[in-house]
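Presented below is the structure to which this report refers.
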Amino acid sequence: MVCGAPMAIGDNGRMTSPALSGVPQQEASARCPCLSGSSYGECCAPYHRAVAVAPTAERLMRSRYAAFVTGDAGYLIDTWHSTTRPSSFELDPFHRYFRLDILTTTRGGMLDTKGTVEFRAFLRVDGEVDEQHEVSRFVKESGRWWYLGQD
């Protein structure tokens, strides 16, 4: 993957990238972009700010989706397993994600070490609605969930 945005180490010790131009920043009181029903501050923000880790594969998947919405490429890189993580990564500033549907979750709970999450993410690209359908694979190592890739 091609990286156009510079990456740096933030105050919290994780990779960060500058906010994408035109990507809406989330207020803590706003509805979380992952559509969990909770506010961003109670839902994905603690994961994005590295003050908590996602307890399940589905929560990690939801937080990764929210990172696409908020333009947080650093979080996406930081939650990608080292064996499958690309050496560089760039978010497309013209992709505007607006809806996430979780279709199925297999394993991936707090006591599991592997899991999958099947989802559909809806986005606008050049004014047209598009969707991404994926079965994402996750692994839990040392108490932390990691994104492995898609089936």
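The values are calculated or read from the model by the stated rules, or taken from the named source; none is laboratory data. Remember, predicted model here, so these are calculated numbers, not experimental data. Here the Cβ is made from the backbone with ideal geometry for all residues, glycine too, and neighbour counts use every protein chain on show.
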Discussion item. Every residue in region 107-142 that is assigned to a strand (DSSP E or B), over 19 Å from the mean Cα position of the chain (by Cα) and of a type in the set (A, V, I, L, M), please.
Written reply: Val129
Fill in: Of residues in region 60-87 being of a type in the set (Lys, Arg) and within 9 Å of the chain's Cα centre (by Cα), the one farthest from Met110 (Cα to Cα)
Arg64
Practice prompt. Say whether the condition of being in a loop (DSSP other than H, G, I, E, B), modelled with pLDDT of 90 or more and within 16 Å of Trp145 (Cα to Cα) is met by at least one residue in region 60-77.
Written response: no
Practice prompt. Could you grab me the full set of residues in region 24-72 that are more than 23 Å from Val139 (Cα to Cα), free of Cβ contacts under 8 Å to residues at least 12 places away in the same chain and surrounded by 15 or more Cβ atoms within 10 Å (Cβ to Cβ)?
Written response: Ser39
Worksheet item: Would it be correct to say that Asp78 is closer than 25 Å to Arg124 by Cα, of a type in the set (D, E, K, R) and in contact (Cβ under 8 Å) with a residue 12 or more places away in the chain?
Response: no
Worksheet entry | Every residue from region 115-141 that is touching a His at 6+ places or on another chain (Cβ under 7 Å) and of a type in the set (Lys, Arg) | Arg120
Discussion item. Checking the condition crowded, with 17+ Cβ neighbours inside 10 Å, farther than 20 Å from Tyr47 by Cα and of a type outside the set (A, V, I, L, M, F, W, C), which residue from Glu131, Glu118 passes?
Written reply: Glu118
Worksheet item: When you go through (1) within 23 Å of Gln26 (Cβ to Cβ); (2) without any contact (Cβ under 8 Å) to a residue 12 or more places away in the chain one by one for Glu128, which number turns out not to apply?
Response: (1)
